[in-house]
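Undergrad: The structure is given below, and queries will be raised subsequently.
The values are calculated or read from the model by the stated rules, or taken from the named source; none is laboratory data. In this text the structure is predicted, and so the values were computed from the model without any measurement. Cβ sites come from the backbone with ideal geometry, for glycine too, and all protein chains shown count toward neighbours. Note: accessible area is taken over every heavy atom of the protein model, side chains too, but ligands, DNA and RNA are not part of it. Shrake-Rupley method; radii C 1.70, N 1.55, O 1.52, S 1.80 Å.
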Amino acid sequence: MTEALATKSKPRQARKGAAGRLFVLELSGDRIHSMSPDGSDRKTIVTNCHLPDGIVVDAEAGHIYWTNMGIPDRDDGSIERADLDGGNRRTIVPLGVTHSPKQIHLDKENGKLYWCDREGMRVMRANLDGLQIETLVEAGRGDADRRDQTRWCVGITIDPERQQIYWTQKGPDNGNEGRIFHAGLEIPSGELAANRSDIEVFFDHLPEPIDLELDLKNRMLYWTDRGDPPRGNTVNRASIDAKPRAPEIVLTHLMEGIGIALDVPGDQMFVTDFAGSVYSAKLDGSGERNFLFALGNLTGIAYAEL
């Protein structure tokens with residue numbers, strides 16, 4: 001995921017002298033890597049995570065935030081924060097508060113972190129210090145609902161202009177029951193997370209949508225899909241203001257695509273897959289390059305200019 005302030009709001013010339021940096025989560029090794037956008041200068045900056053899945057960078061504050069899924073059948077997920085070099089590590093959302101947190105999104109302007117809780121079947125948010133935790137969407141409750149993967153919330157981003165949350169509910173593996181939803185950032189007055197009336201389906205019958213990213217300049221939503229080809233193992237995009245009948249597929253032949261980060265001013269996207277590859281391409285998918293491979297099972301990715 002891309003930190004909004006660093007990559008979406010500042011004009012290119014305001015970032016003169018800044019250098020791009022990728023932060024990549026290795027689920028199988030419980031590690032976080034930092035590297036240049038071409039894969040060079042790779043360093044392991046954090047070890048001993050607990051199945052890390054989502055990551056975001058607050059370049060201004062010099063922090064990374066990431067989610068630890070924990071053991072999927074246990075309620076032991078957490079969210080941690082560290083400096084950009086991995087130092088000063090601390091847990092901001094402790095075990096037992098969120099079941100299995102997945103993608104995470106930073107709303108720097110309002111001091112909020114948003115994330116999806118897969119087996120918890122929730123969309124949640126908190127302040128940057130982990131306090132004031134809220135559940136914004138509750139897609140299910142209890143063990144019976146938890147076995148229904150159509151209720152599993154995974155990828156997330158927000159549209160600050162229209163005050164909307166977008167999130168994925170992936171459905172069964174390769175099941176073509178995946179959906180992307182959107183709703184207001186705030187629960188309508190008098191309603192609850194479990195019954196709010198403003199939730200709308202953006203796309204349904206998708207193979208298995210995972211992580212989301214929003215290009216605010218061009219008002220375009222991007223997502224990875226780890227389902228079967230031809231529509232799965234892809235990166236897709238669609239306008240959020242003029243929704244097409246079907247999304248545009250811009251990258252194919254991923255090996256279970258998971259993480260995505262955008263550098264909109266630089267016309268670049270970065271994508272990870274579960275086979276351990278990191279890809280770069282232009283936002284239209286041209287110029288695809290697989291510059292790292294066999295790094296283990298990779299999940300979240302973030303891009304920031306530092």
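Undergrad: Please turn the phi angles of segment 213-218 into ³J(HN,Hα) values with the Karplus equation 6.51 cos²θ - 1.76 cosθ + 1.60 (θ = phi - 60°), one per residue in order, whole Hz, x for glycine and proline.
TA: So the Karplus estimates, Gly and Pro as x, are 8, 10, 8, 5, 5, 9 Hz.
Undergrad: Per DSSP H run of n ≥ 4, the term is -39500 (n - 2.57); total these for the chain, divide by its residue number, and report the mean residue ellipticity at 222 nm rounded to 500 deg cm²/dmol.
TA: Estimated from H runs of four or more residues: -500 deg cm²/dmol.
Undergrad: On the full set of protein chains, 1.4 Å probe, figure out the accessible area of Phe293 and give it in Å² to the nearest 10.
TA: About 140 Å², ignoring ligands and nucleic acids.
Undergrad: Moving to a separate point now. Residue by residue through segment 290-306, what is 3J(HN,Hα) from phi via Karplus (6.51 cos²θ - 1.76 cosθ + 1.60, θ = phi - 60°)? Round to whole Hz and write x for glycine and proline.
TA: Rounded to whole hertz, the list is 9, 9, 9, 8, 6, 9, x, 7, 9, 10, x, 9, 9, 10, 8, 9, 10.
Undergrad: Show the residues, 5+ positions off or on another chain, whose built amide H is closer than 5 Å to the amide H of Leu185.
TA: When sequence neighbours closer than 5 places are left aside, the close amide H contacts are Gln164, Ile165.
Undergrad: Between Arg162 and Ala242, what is the label-point separation in nm under the 7 Å Cα-to-beta-carbon projection?
TA: Between Ala242 and Arg162, the label points sit 1.4 nm apart.
Undergrad: In debye to the nearest 20, how big a dipole does the chain give about its Cα centre with +1 on each Lys and Arg Cβ and -1 on each Asp and Glu Cβ? Could you put the intermediate results ahead of the total?
TA: Numbers: 36 positive and 48 negative charges, 108 e Å.
It comes to approximately 520 debye.
Undergrad: With each label point set 7 Å from Cα along the Cα-Cβ vector, what nm distance links Glu200 and Thr44?
TA: With each label point 7 Å from Cα toward Cβ, the separation is 4.7 nm.
Undergrad: Once you place label points 7 Å from the Cα toward the Cβ at Glu134 and Asp148, how far apart are they in nm?
TA: 2.6 nm
Undergrad: Let me ask you something else. Using modelled backbone amide H atoms (1.01 Å from N, in-plane), which distant-in-sequence or interchain residues come within less than 5 Å of Leu136's amide H?
TA: The answer is Val123, Met124, Arg125.
Undergrad: I would also like to ask the following. What order, most packed first, do the peptides 34-41, 239-246 have when packing is the mean number of other Cβ atoms within 10 Å of each residue?
TA: Those peptides, ordered most packed to least, come out 34-41, 239-246.
Undergrad: Within the set of other residues whose C-beta is less than 13 Å from the C-beta of Val271, count the net charge using Lys and Arg as +1 and Asp and Glu as -1.
TA: After counting each charged neighbour, the total is -3.
Undergrad: Which Cys residues of the chain have no other Cys beta carbon under 4.7 Å away?
TA: Isolated Cys, the chain: Cys49.
Undergrad: About the Cα centre of segment 55-133, what is the dipole size in debye to 20, counting +1 per Lys and Arg Cβ and -1 per Asp and Glu Cβ, all else neutral? Before the final figure, lay out each step's value.
TA: Numbers: 10 positive and 13 negative charges, 29 e Å.
Value, rounded to 20: 140 debye.
Undergrad: I've got another one for you. Just name one of Gly96, Gln169, Ala61: the one whose Cα is farthest towards the positive end of the charge dipole of the chain (beta-carbon charges, Lys/Arg +1, Asp/Glu -1).
TA: Ala61
Undergrad: Another one. Just one of [x] 38; [y] 26; [z] 52 is percent of Cα pairs over 29 Å apart as worked out from the coordinates here. Which one is it?
TA: [y]
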